[in-house]
Amino acid sequence: MLAEKLRIPVVASGDLFRQALEKQTELGKKAKLYMEKGQLVPDEITIQMVLERLKAPDTANGAILDGFPRNTNQAKALDEALKKQNKGIDRVIYIKVAEEEIIRRLGGRWICRNCQTPYHEVDNPPRVKGKCDRCGGELYQRADDKPETIRKRLEVFLAETAPLIDYYRRAGKLVEVEGGRGSASEVTRKILQALDR
Ligand code: AMP
């Protein structure tokens, strides 16, 4: 929704890994070992992959990074790489949602294999079960959206990613939005309002 409004592409590190996995590339096979356990893929693989993606012409006017950076080392590498190109991070959106609600949302999540549009079996079901409203693609549940893997991912978030909240707050770039209640479009509206401020 944000990408459509802001007219810039989404670059999601998790999507890049899942595409590599589907194509059975070496990168995909390596990443799978970590993804299925809910752990972070090593920085040397992740940073290079995302920076490579950001060289594509569709990101010339910017991009929404989703899932990257996930730790301070990745954030610093990103800052350095962007600085060399006279670019930088404008804003970092921190969507705050309680842990139990995250588990409920991920547990009921279905994603389109073709266009990545997410659905929720209760909050936002597709018109036809198992089929994407937008493109008719097949919907699937991620292997790491199982309760035990979700809990591991939350642990990893607290230990490795949460320090970035302060990192970007100190840089004056953090935008905090309550995401625990309301529909996806309501939260999107809140994000756009916060970005305008
Ligand atoms: P996501 O789609 O963002 O939830 O990511 C799914 C999985 O891909 C994560 O649990 C990690 O195993 C891996 N992954 C995605 N982004 C990163 C990243 N920036 N650094 C390390 N691992 C990542």
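Of the residues 181, 197, 153, which is of a type outside the set (A, V, I, L, M, F, W, C), at negative phi and modelled with pLDDT of 95 or more? Before the answer, list the steps.
Details: 181 fails: modelled with pLDDT of 95 or more; 197 fails: modelled with pLDDT of 95 or more.
Selected residue: 153, the only one of 181, 197, 153 that is of a type outside the set (A, V, I, L, M, F, W, C), at negative phi and modelled with pLDDT of 95 or more.
If I filter segment 21-38 for residues that are touching a Ser or Thr at 6+ places or on another chain (Cβ under 6 Å) and not acidic (Asp, Glu), do I get at least one hit?
Within segment 21-38, one or more residues are touching a Ser or Thr at 6+ places or on another chain (Cβ under 6 Å) and not acidic (Asp, Glu).
Yes/no matrix, rows are residues, columns are (1) more than 12 Å from the ligand (Cβ to nearest atom); (2) under 30 Å from residue 136 (Cβ atoms):
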| position | (1), (2) |
| --- | --- |
| 26 | yes, no |
| 39 | no, no |
| 65 | no, yes |
| 73 | no, no |
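On the given criteria, is residue 101 closer than 12 Å to residue 47 by Cα and modelled with pLDDT of 95 or more? Explain how you work it out, then say what you get.
Details: closer than 12 Å to residue 47 by Cα: no; modelled with pLDDT of 95 or more: yes.
Criteria not met by residue 101.
When the residues of segment 3-17 are filtered to those that are without any contact (Cβ under 8 Å) to a residue 40 or more places away in the chain and more than 7 Å from the ligand (Cβ to nearest atom), which remaining residue is farthest from residue 141 (Cα to Cα)? Let's see the steps before the verdict.
Of all residues in segment 3-17, those without any contact (Cβ under 8 Å) to a residue 40 or more places away in the chain come to 4, 16-17.
Imposing the further condition that a residue be more than 7 Å from the ligand (Cβ to nearest atom) reduces the set to 4, 16.
Numbers: 4: 24, 16: 17 Å.
Among them, the one singled out is 4.
Is it true that residue 127 is modelled with pLDDT under 95, of a type outside the set (Asp, Glu) and out of contact with any Gly (no Cβ under 6 Å at 6 or more places or on another chain)?
Numbers: modelled with pLDDT under 95: no; of a type outside the set (Asp, Glu): yes; out of contact with any Gly (no Cβ under 6 Å at 6 or more places or on another chain): yes.
Spelling it out, it is not the case that residue 127 is modelled with pLDDT under 95, of a type outside the set (Asp, Glu) and out of contact with any Gly (no Cβ under 6 Å at 6 or more places or on another chain).
Look at residue 78 and say whether it is within 21 Å of residue 16 (Cβ to Cβ), touching a residue at least 60 places away in the same chain (Cβ under 8 Å) and within 14 Å of the ligand (Cβ to nearest atom). Spell out the reasoning first.
Numbers: within 21 Å of residue 16 (Cβ to Cβ): yes; touching a residue at least 60 places away in the same chain (Cβ under 8 Å): no; within 14 Å of the ligand (Cβ to nearest atom): yes.
So residue 78 fails the test.
The values are calculated or read from the model by the stated rules, or taken from the named source; none is laboratory data. Keep in mind that what you see is a predicted model, and the values were worked out from it rather than measured. Here Cβ is always computed from backbone atoms with ideal geometry, including for glycine, and neighbour counts include all displayed protein chains.
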